[in-house]
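S.K.: Below is the structure I would like to discuss, written out as structure tokens.
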Amino acid sequence: MIKERSEELRGVAELSPHRIADILLELNSLNASLGEEMVNAEAWYKEKIKLERDSAKNATDAKINAEASKEYKDWRERKVTWDALQETIKSCKLFLRIKNEEYQNL
């Protein structure tokens with residue numbers, strides 16, 4: 001859903017402030033869910049590091065092996081998505097603030 005809303009926002013010039021406010025509400029809701037997923041994914045990744053550390057010859061090998069894991073990939077995907085989501089939310093808020101100022105100055 002985040003991807004769909006981001007794609008919709010690419011056409012921001014055609015969207016009404018009301019629609020952007022609706023999207024912002026959805027994104028804020030998704031933000032909370034994604035934050036929880038990110039915490040869980042990071043915990044799984046850290047568990048993977050711990051397991052790798054116990055079986056690897058040294059810390060460098062353990063880190064390399066852990067970063068090649070599905071747990072790391074899952075955590076990084078969520079982190080990248082969360083970072084992009086934060087920027088999208090900020091942009092929506094800025095857009096709405098500017099539109100509000102424009103309407104007030106009419």
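S.K.: Go through segment 25-57 and count every residue that is more than 27 Å from Lys90 (Cα to Cα), assigned to a helix (DSSP H, G or I) and of a type outside the set (A, V, I, L, M).
M.R.: Count: 10.
S.K.: Next up: Going by what's in this entry, would Glu7 be described as closer than 14 Å to Ser91 by Cα, without any contact (Cβ under 8 Å) to a residue 40 or more places away in the chain and either surrounded by fewer than 17 Cβ atoms within 10 Å (Cβ to Cβ) or of a type in the set (Gly, Ala, Ser) (or both)?
M.R.: When the stated conditions are applied, Glu7 passes them.
S.K.: Please state which one of Asp61, Asp22 is assigned to a helix (DSSP H, G or I) and within 30 Å of Glu102 (Cβ to Cβ).
M.R.: Matching residue, one of Asp61, Asp22: Asp22.
S.K.: Now, a different point. Please count how many residues of segment 39-67 are acidic (Asp, Glu), over 24 Å from the mean Cα position of the chain (by Cα) and surrounded by 15 or more Cβ atoms within 10 Å (Cβ to Cβ).
M.R.: Result for segment 39-67: 1.
S.K.: Can you give me the number of residues within segment 1-38 that are β-branched (Val, Ile, Thr), modelled with pLDDT of 95 or more and within 12 Å of the chain's Cα centre (by Cα)?
M.R.: 0
S.K.: Return the total of residues in segment 68-106 being surrounded by 15 or more Cβ atoms within 10 Å (Cβ to Cβ) and not in a helix (DSSP H, G or I).
M.R.: Counting residues in segment 68-106 that are surrounded by 15 or more Cβ atoms within 10 Å (Cβ to Cβ) and not in a helix (DSSP H, G or I) gives 1.
The values are calculated or read from the model by the stated rules, or taken from the named source; none is laboratory data. Just so we're clear, the structure is a prediction, and the values are computed from it rather than from any experiment. Heads up, the Cβs are rebuilt from the backbone with ideal geometry, glycines too, and the neighbour counts pull from every protein chain shown.
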